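S.K.: Okay, here's the structure, questions in a sec.
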Amino acid sequence: MRVKDINIAELTIYIKEAKGKKDRLTIFPEKISVDIKNLIAGKQGNDFVFESNRVGKLTTTSLQKIFQKALLKSGIQKDATFHSLRHSFATHLLENGVDIRYVQELLGHQNIRTTQIYTHVTNPSLKNIKSPL
């Protein structure tokens, strides 16, 4: 990810060649916008946001190691992967009432059926239904 791919004003990140080698636009929370501003301060548009010690982009292996260390540090006991983050992101959006078509767009799914997999995990509308009996 390069500095030019981040739009702090709109709280979006343009991701190139993400899962499935697809480009997509995603969102990030406002509460980390100051941290992101500090992270990219003084960098040019083509600079990597996160660089390796050898100056360049981080490898997938390096990112996985960083993720595993963060997982251990957090105290979370469940096994998790990058895909777990993607799954959690989609599930939380749906739990918060975001329309499934927007979730489909954020995840880069071409077919709505792929996104509907996440609806079996949680459906906030179902939780609010009271039995008529």
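S.K.: Give me the pairs, please: first residue somewhere in the stretch 17-44 and under 20 Å from Gly56 (Cβ atoms) and surrounded by 13 or more Cβ atoms within 10 Å (Cβ to Cβ), second residue anywhere and acidic (Asp, Glu) and at pLDDT 85 or above, beta-carbon distance under 8 Å, and either six or more positions apart or on two chains.
M.R.: Sorted first by the residue in the stretch 17-44, then by its partner, the pairs are Ile40/Asp47.
S.K.: Of the residues that make up the stretch 45-59, is at least one at pLDDT 85 or above, closer than 16 Å to Ile15 by Cα, exposed (fewer than 10 other Cβ atoms within 10 Å of the Cβ) and of a type outside the set (A, V, I, L, M)?
M.R.: The answer is yes; a qualifying residue exists.
S.K.: If a residue has to be over 20 Å from Pro29 (Cα atoms), part of a helix (DSSP H, G or I) and of a type in the set (D, E, K, R) to count, how many in the stretch 59-100 make the cut?
M.R.: Number of matching residues: 3.
S.K.: Looking at (1) assigned to a loop (DSSP other than H, G, I, E, B); (2) closer than 29 Å to Gln104 by Cβ; (3) not assigned by TED's automatic domain parsing to the domain that holds Gln116; (4) not acidic (Asp, Glu), find the lone condition where Gln44 falls short.
M.R.: Result: Gln44 passes all but (2).
The values are calculated or read from the model by the stated rules, or taken from the named source; none is laboratory data. In this text, all values refer to a predicted model and were calculated from it rather than measured experimentally. Cβ coordinates were reconstructed from backbone atoms using ideal geometry, including for glycine residues, and neighbour counts include every protein chain displayed.
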